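Trainee: Pasting a structure below so you can have a look.
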Amino acid sequence: MIMKMVVNEKRGFTLMELTIYIAIIGIALFAIIGVAINLSDAFNKGSAIAEVEYSSRFFDSVMYKKIAESGGINISDSIFSTNSRLSLLPASTSSNPVIIFYDSSSKRLKITESTTQFLTPASIIVNGFTLYNNGSSSVSIMLDLSVASSNNVYSSFNKTYNYAYFVEKTP
């Protein structure tokens, strides 16, 4: 006689179990992706801030050095307004005058001695470069720097820097 044995083995998952597992995995992935995006945005913003700070310090050191090495400011050749131009007299007749100016087409600062070079990197957008002639022996220099990322609006950062240099002015 042949006996049939009925074995009640459960194989695989039911549709309801699979749906619950997929939902749990989806929620966990959504949370992980959200945290990763927030960390990425924080890193991008921190990088933008560091880049603006570095560019500002670099500009300040170049300005300080060039003003200290110069024979004074050429008032008649300098432009004191928005989109200013600072013309520094050479310390000796054998050196070239130094001109620092705002290039509105590239929105960057440039310096001209014997050649013209950029003072700010391409990732830094300069919104303004303004010089003030306050009538005394000093010239106040105000610089507005802002950085903007071409691919991520969340990493933009704006900051204004004000510098005051006391320089002998020559008419």
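Trainee: Looking at the range 19-106, which chymotrypsin sites (Phe, Trp or Tyr not before Pro) are DSSP coil and have at most 16 other C-beta atoms within 10 Å of their C-beta? Don't skip to the answer; put the middle values down first.
Mentor: Values: sites: 21, 30, 43, 54, 58, 59, 64, 80, 101, 102; in loops: 80.
Listed in order of number, the matching sites are 80.
Trainee: Roughly speaking, what is the stretch gain from residue 107 to residue 81, that is 0.36 nm per residue apart minus the C-alpha to C-alpha distance, in nm to one decimal?
Mentor: On the way: separation 26, 0.36 × 26 = 9.36 nm, distance 1.62 nm.
Additional length available on full extension: 7.7 nm.
Trainee: Let me ask another. Can you give me the long-range amide H partners of residue 125? Hydrogens built in the peptide plane at 1.01 Å from N, cutoff under 5 Å, separation of 5 or more residues or another chain.
Mentor: Placed amide hydrogens put 146, 147, 148 under 5 Å from residue 125.
Only the coordinates and a few stated rules stand behind these numbers; no lab work does. Note that the structure is predicted; figures quoted are calculated from it, not measured. Here Cβ is always computed from backbone atoms with ideal geometry, including for glycine, and neighbour counts include all displayed protein chains.
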